[in-house]
Amino acid sequence: MADNTTKFLQDIFINLLEDQLEKAESQEEADEIVKHFEKIDLETIFGEMFDTMASDTTRYMRDTMYEQVMISRADEQEFLARQEQKWGRAFVASESMYIMTLEATQAYVEAINQLPQEELKKKSLYFYSLTTHTRASITTIS
């Protein structure tokens with residue numbers, strides 16, 4: 001990849017140099033520019049540039065990433081705290097209603113269980129069916 005990148009940067013550099021040569025006012029000035037840049041080893045320059053960029057990037061990451069991670073964690077904790085503050089009561093209320101429903105249903109089943117089964121059958125087949133299924137559901141949930 002470095003070779004392709006080096007070639008890419010060299011091509012850009014050559015194109016920019018050609019543009020500058022076209023702007024030269026005289027042939028002597030253009031020859032002087034070319035003579036000056038012929039001595040330059042672009043591959044070495046770009047290699048050193050890549051090494052410097054990698055070193056600087058690594059140093060920057062090492063120096064700042066701990067701080068960035070801590071900032072990110074603080075932001076996450078703040079978000080979670082706000083969500084808990086905003087929705088926490090709703091979740092508690094929902095859970096409380098669920099528990100109250102279970103307790104009420106269990107109390108209803110216990111009250112029905114105390115009634116004689118024959119009496120329930122005589123009163124209403126629908127009522128008997130309802131109480132039988134309710135008992136089965138509560139037994140399964142509990």
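The values are calculated or read from the model by the stated rules, or taken from the named source; none is laboratory data. Just so we're clear, the structure is a prediction, and the values are computed from it rather than from any experiment. With ideal geometry, Cβ positions are generated from the backbone for all residues, glycine too; neighbour counts draw on all protein chains shown. These area figures cover heavy atoms from the full protein model, side chains too; ligands, DNA and RNA do not enter into them. Shrake-Rupley method; radii C 1.70, N 1.55, O 1.52, S 1.80 Å.
Results, tabulated for the structure shown:
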item: Selection within the stretch 20-36 - open to solvent by 70 Å² or more (accessible area, probe 1.4 Å) and assigned to a helix (DSSP H, G or I); result: Gln20, Glu22, Lys23, Gln27, Glu28, Glu29, Asp31, Glu32, Lys35, His36
item: Failed item, numbered, when Ala54 is tested on (1) farther than 21 Å from Asn4 by Cα; (2) modelled with pLDDT under 90; (3) of a type outside the set (Val, Ile, Thr); (4) open to solvent by less than 100 Å² (accessible area, probe 1.4 Å); result: (1)
item: The listed residue being open to solvent by 90 Å² or more (accessible area, probe 1.4 Å), modelled with pLDDT under 80, assigned to a helix (DSSP H, G or I) and out of contact with any Phe, Trp or Tyr (no Cβ under 6 Å at 6 or more places or on another chain), out of Glu103, Glu118, Glu95; result: Glu118
item: Complete set of residues in the stretch 37-51 that are open to solvent by less than 70 Å² (accessible area, probe 1.4 Å) and closer than 16 Å to Asp3 by Cα; result: Leu42, Thr44, Phe46, Gly47, Phe50
item: Hits in the stretch 1-27 - residues which are modelled with pLDDT of 80 or more, of a type in the set (Asp, Glu) and under 40 Å from the mean Cα position of the chain (by Cα); result: Asp11
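Condition check ((1) over 27 Å from Ile14 (Cα atoms); (2) of a type in the set (A, V, I, L, M, F, W, C); (3) over 19 Å from the mean Cα position of the chain (by Cα)) across all residues:
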position	(1), (2), (3)
Glu48	no, no, yes
Thr52	no, no, yes
Thr64	yes, no, yes
Glu67	yes, no, no
Ala81	yes, yes, no
Gln85	yes, no, yes
